[in-house]
Amino acid sequence: NITKWNASSQYMFCTFGVMFFLMTYGLLQEHLIMKTFHRTLGWFVTCCQLSGYAFCAWLQSILVGVRLERRIPYRQYFILAALQVLMQGFTNLSMHYLNYPAKMLFKSSRVLVTMLVGAIFRRQTYQRKDYVVGFSMAVGLTLFVMADARTSPVFDIKVIISRMHICMCMYIYIYIYI
């Protein structure tokens, strides 16, 4: 129980905890996909991940004992779950063609797709600094991908295009229908 700690200590504890577990997750995922399965079985890894998530959610519901009432129709849950499975599956499948740092960079570039879909479909406007940050991120990703294509023996531009397509489809659905 960290409620008795001051706000700065709580923040630092939670930040370092999240960073630790995210780095552990990344290392385990990279080792599993690259070393254990030798860049194959991306859908199997996806099944294992989602089974683990479902088990942890079930365990939390048992331990905490709080049942929240459902406010969203089951159809929306199903569609979002299917999109999440596709996103995670294609992300793991892309490890067959991309190295791990490139995969993580593209995974972290979702903010660009979010801005693009928000601007097109929701007519959202962003501050000038947001556009500068987005443009800088796009330039950095492009430079990294161009350098990676020459140095990495495992690289395929078709995967990048398909990753961006799947990401765009997911965000379009979320912005239009939810």
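The values are calculated or read from the model by the stated rules, or taken from the named source; none is laboratory data. On a predicted model such as this, the values are computed, not experimentally measured, just so you know. Note: ideal-geometry Cβ built from the backbone for every residue, glycine included; neighbour counts use all protein chains shown. SASA here: full protein model, heavy atoms, side chains in, ligands and nucleic acids out. Shrake-Rupley method; radii C 1.70, N 1.55, O 1.52, S 1.80 Å.
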For segment 87-109, check the following and say yes or no: at least one residue is farther than 19 Å from Glu30 by Cα, open to solvent by 30 Å² or more (accessible area, probe 1.4 Å) and assigned to a helix (DSSP H, G or I). no
Cβ pairs under 8 Å, 6+ apart or interchain, first in segment 102-114 and within 17 Å of Tyr126 (Cα to Cα), second surrounded by 16 or more Cβ atoms within 10 Å (Cβ to Cβ) and of a type in the set (Phe, Trp, Tyr), ordered by first then second residue, are Arg110/Tyr171; Val113/Tyr171; Thr114/Tyr171
Breaking point among (1) closer than 25 Å to Leu41 by Cβ; (2) at pLDDT below 80; (3) within 17 Å of the chain's Cα centre (by Cα); (4) not acidic (Asp, Glu), for Tyr97: (3)
Would you be able to tell me the number of residues in segment 58-81 that are surrounded by fewer than 10 Cβ atoms within 10 Å (Cβ to Cβ), assigned to a helix (DSSP H, G or I) and not aromatic (Phe, Trp, Tyr)? 4
Within segment 3-57, count every residue that is surrounded by 10 or more Cβ atoms within 10 Å (Cβ to Cβ) and in a loop (DSSP other than H, G, I, E, B). 5
